[in-house]
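Following: one structure in structure tokens, then a few remarks.
All of the numbers you see were taken from the coordinates with simple rules; none came from a lab. Being a predicted model, the structure only gives us computed values, none of them experimental. Using ideal geometry, Cβ is built from the backbone for each residue, glycine included, and neighbour counts are taken over all protein chains shown.
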Amino acid sequence: MDLGLTGKAVLVTGASRGIGAAIATGFAAEGCRVAVVARGEEGVTELTGQLQASGAEALPLVADLTEPDAAERVVRAAEEAFGQLDILVNNLGGGTTGDTDEAWLQTLDVNLLAAVRCCRAAIPGMKERRAGAILIVASISGWMVGGGMPSYNVAKAAEIMYARTLGRDLAPFGIRANTISPGSIMFPDGGWDRVQQRDPERIANFVERDMPRGSFGTPEEIADVAVFLCSDRASLITGADIHVDGCQLKPAVG
């Protein structure tokens, strides 16, 4: 299936590893020009080099998107490099454990508010062209109770509602907005990989009990859905939250 993405300009946040890196790679494979954004320069440089070696046009952008002016800066940099921005993927996420105000604010900032700032910067250009796609990588933790970190659940639930609201408000301008909610994803040195190394028996029980297909998901499985949702082949999908979780029964190991 030709997704019609050749030449599209894409910005992916939190893109130096895991799901973000897979999404950036997926867009590059479809012929897109990709801006890779993350806080760590080493990861950004490495991924950009890999994309460029494959023949893709890739732009490295190092930024901490919790800084108030960073979103505006990276969006403008992508627009200047590519001439416009067609697709924005807000993948940055994470959280701080604890029930303090500081932990809640940090978790909301890195998930929801970073996405809000990036959207705020990107939407005017999309409105002007009357075309664009916005995707936020949420989580099954946004609609399924569990995991022991309420601030993260709330932040992801807010992302889902934010994208649904954008989908309604921006549809008249030809702009679509969606979320995807991944289940537990395994990749080298990711959170689940570290837990598995510490306690393989616990993870084996988690997979057997709560993952009907018998395995974790992969970043590439998330990326395939993300790339499709941002293509014109998904033209009628907006304001939606797509679960990409293998029918996982619980969001975190118990």
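Computed extension gain for residue 161 through residue 233, at 0.36 nm per residue and net of the alpha carbon distance, reaches 23.6 nm.
For residue 42, what is the net charge nearby, where nearby means another residue's Cβ is under 15 Å from its Cβ and Lys, Arg count +1, Asp, Glu -1? After counting each charged neighbour, the total is -2.
Model label sites at residue 2 and residue 204, defined 7 Å from Cα along the beta-carbon direction, differ in position by 5.0 nm. With a/c under 1.5 counting as rounded, go ahead and sort segment 4-130 into rounded, prolate or oblate using the C-alpha gyration tensor (a ≥ b ≥ c being the square roots of the eigenvalues; past the cut-off, prolate if a/b is larger than b/c, else oblate). Since a/c reaches 1.5 but b/c is at least a/b, the shape of segment 4-130 is classed as oblate.
With the simple model of a label 7 Å out from the Cα in the direction of the Cβ, residue 129 to residue 81 spans 1.5 nm.
Collect residues whose amide H, placed 1.01 Å from N in the peptide plane, falls under 5 Å from the amide H of residue 244; neighbours closer than 5 in sequence don't count. Excluding prolines and chain starts, which carry no amide H, the hits are 181, 183. Summing charges over neighbours of residue 114, with a neighbour being any other residue whose Cβ is under 15 Å away from its Cβ, gives -1 when K and R count +1 and D and E count -1.
A protection proxy built from the mean count of other Cβ atoms within 10 Å ranks the segments 9-18, 31-40, 56-65, most packed first, as 9-18, 31-40, 56-65.
Loop only by DSSP, 14 or fewer other Cβ within 10 Å of the Cβ. Give me the trypsin sites (Lys or Arg not before Pro) in segment 206-254 that pass, ordered by residue number. The partial results should precede the final answer.
Details: sites: 209, 213, 233; in loops: 213.
Listed in order of number, the matching sites are 213.
For residue 96 and residue 52, a Förster radius of 30 Å and the Cβ-Cβ distance give a FRET efficiency of 0.30, rounded to the nearest 0.05.
About the centre of its Cα atoms, the chain shows a dipole size close to 640 debye [charges on the beta carbon of Lys, Arg (+1) and Asp, Glu (-1) only; nearest 20 debye].
From the helices alone, meaning DSSP H stretches of at least four residues, give me the mean residue ellipticity at 222 nm for the chain, per-run term -39500 (n - 2.57), in deg cm²/dmol to the nearest 500. Kindly include the intermediate steps, with their values, before the conclusion.
Details: 9 runs with 113 residues, N = 254.
Dividing the helical sum by the residues of the chain leaves -14000 deg cm²/dmol.
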